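The structure appears below as structure tokens.
None of the figures in this text is laboratory data; all of them are computed from the coordinates on show. Given the structure is predicted, the values throughout are model-derived calculations rather than measurements. As a convention, Cβ positions derive from the backbone with ideal geometry for all residues, glycine included, and neighbour counts pool all protein chains shown.
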Amino acid sequence: MTAADVTFADKAPVVGVPISMTSYDDVIESLTNRPKDRATVVAVCNVHSVMSARRDRRLHEAIAAAEIATPDGVPIVWGLRATVRKGQERVYGPELMRRAFVGDVGWKHYLYGSTPETLVALQGKLAEIAPNAEIVGLYSPPFREMSQEETTSAMADIRDSGADVVWVGLGMPKQELWMHAIRPELPGIALLGVGAGFDFLAGTKRQAPPWMQKAGLEWLFRLIQEPRRLWRRYVWNNPAYALLLGLQVIRHKLSRKG
């Protein structure tokens, strides 16, 4: 199957960053029928993603070029609902990964990112929830820039593993830039950047309770957990996003009246 044979969900701008109007089932179906002549990239996008993309041209290009950019954060879902798609659902990276494993979609999985300890814990948890799932490789890259030799070796290992899907847990924006850069090396393979999903599914980090997620307060839960690392991100990004989204919604309503 070639790129011309596959269609992906349409995208709509949320504060200037194109986000896919998609669902869990649509993403899994699209990846099951992915093109074989090139890699398929899935970026999961929250407020941090889109606000960073507004400031970083390379990140914006990487997200825009991804075949799928899911509304991972609840405030991103609100943006789509307020402007183009009232029934838009959240497509949350950790939950997408869990569904792909539990649903036994027949993929061969490769886990790329995080620390060796987290990968081992993650592999164990996935074996518990999806005993029939096939994990064909694990790789924890160094926390420094990789040499060309290391990159070549890692790409060869992924290709030789026979993986259908590479789950990438490098964190934003590193994973988006990495997937965009290496996609020519991995034709026929799907690359999904799920960030902290590795830690959440492995149990090495706590997830916000469902009520906080539904209320769009996941950022507050994470801030309480890691205040020193995250406070700058949320103090700037959240108010700026709310302002920009408010302006977008106003323009949308005015254009409909006109």
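Take each peptide in 157-165, 247-255, count the other Cβ atoms within 10 Å of every residue, and average; sorted highest first, the result is 157-165, 247-255. In units of the rule-of-thumb radius 2.2 N^0.38 Å, segment 1-129 shows an alpha carbon radius of gyration of 1.11. Computed extension length for K108-M146: 11.2 nm, one decimal, from 0.36 nm per residue of separation with the Cα-Cα distance subtracted. Figure legend: label point modelled 7 angstrom from the Cα of V235 along Cα→Cβ; residues of segment 204-226 with amide N under 20 Å from it are 218-226. Ellipsoid fit via the Cα gyration tensor, segment 124-240: semi-axes of 30, 20, 12 Å, each the root of five times an eigenvalue, largest first.
Highest mean first, the peptides 65-73, 115-123, 136-144, 88-96 sorted by other C-beta atoms within 10 Å per residue fall in the order 65-73, 88-96, 115-123, 136-144.
Dipole orientation for the chain: of the candidates F101, S153, H180, H180 has the Cα lying most toward the positive pole (charges on Cβ; Lys, Arg +1; Asp, Glu -1).
How large is the Kirkwood hydrodynamic radius of the chain, in angstrom, based on all distinct alpha carbon pairs? Over the chain, the inverse of the mean reciprocal pair distance is 18.8 Å.
P(r) tail for segment 5-73: Cα pairs beyond 19 Å make up 29% of the total.
Reducing segment 195-258 and segment 74-137 to their Cα centroids gives an inter-centroid distance of 19 Å. I want to make sure I understand the PRE zone here: with the label point 7 angstrom from the Cα of K253 toward its beta carbon, which residues in segment 85-103 have backbone N atoms less than 20 Å away? Zone members listed by number: 85-88. Each principal axis of the Cα cloud of segment 190-256 was taken in turn, and the coordinate range along them, longest first, works out to 46, 34, 24 Å. Under a model in which nothing but the beta-carbon of Lys, Arg (+1) and Asp, Glu (-1) is charged, segment 81-184 shows a dipole of about 660 debye around its Cα centre.
Over segment 74-196, the alpha carbon radius of gyration divided by the compact-protein estimate 2.2 N^0.38 Å works out to 1.14.
When peptides 220-229, 76-85, 37-46 are sorted by average Cβ neighbour count within 10 Å, with the highest value leading, the order is 37-46, 76-85, 220-229.
Would you mind ranking K125, K36 by Cβ crowding within 10 Å, fewest neighbours first?
Starting with the residue having the fewest Cβ neighbours, the order is K36, K125.
The H on the amide N of A190, modeled in the peptide plane, is under 5 Å from the matching H of T40, V165, V166, each at least 5 residues off or on a different chain. Shape index of segment 47-104: Rg/Rh, with Rg the Cα radius of gyration and Rh the Kirkwood radius from the inverse mean 1/r over Cα pairs, equals 1.03.
Of the residues L245, N33, F221, the one whose Cα sits farthest towards the positive end of the charge dipole of the chain is L245 (charges of +1 on Lys and Arg Cβ, -1 on Asp and Glu Cβ, taken about the Cα centre). Helical content of the chain, expressed as a calculated mean residue ellipticity at 222 nm, amounts to -16000 deg cm²/dmol (DSSP H runs of 4 or more residues, -39,500 (n - 2.57) each, divided by residue number, nearest 500). Rounded to the nearest Hz, the phi-derived 3J(HN,Hα) couplings of segment 34-42 under the Karplus curve 6.51 cos²θ - 1.76 cosθ + 1.60 (θ = phi - 60°) are 5, x, 9, 9, 7, 6, 10, 10, 10, where x marks glycine and proline.
If you place +1 on the Cβ of every Lys and Arg and -1 on the Cβ of every Asp and Glu, how big does the dipole about the Cα centre of the chain come out, in debye to the nearest 20?
On the way: 32 positive and 27 negative charges, 321 e Å.
Once rounded to the nearest 20, the dipole reads 1540 debye.
Calculated translational diffusion coefficient of segment 110-160 (20 °C, 1.002 mPa s; Stokes-Einstein with Kirkwood radius over alpha-carbon pairs) equals 179 µm²/s.
Using Cβ point charges alone (K and R +1, D and E -1), the dipole size of segment 153-238 about the Cα centre works out to roughly 560 debye.
Measure up K11/K125; K86/K214; K86/K253; K86/K108; K174/K214 against 23 Å on the Cα-Cα distance and list the ones that go over. Checking Cα-Cα distances, K11/K125; K86/K108; K174/K214 exceed 23 Å.
Annotation: amide H of I135 within the under-5 Å range of H109, sequence separation 5 or more or interchain, hydrogens built in the peptide plane.
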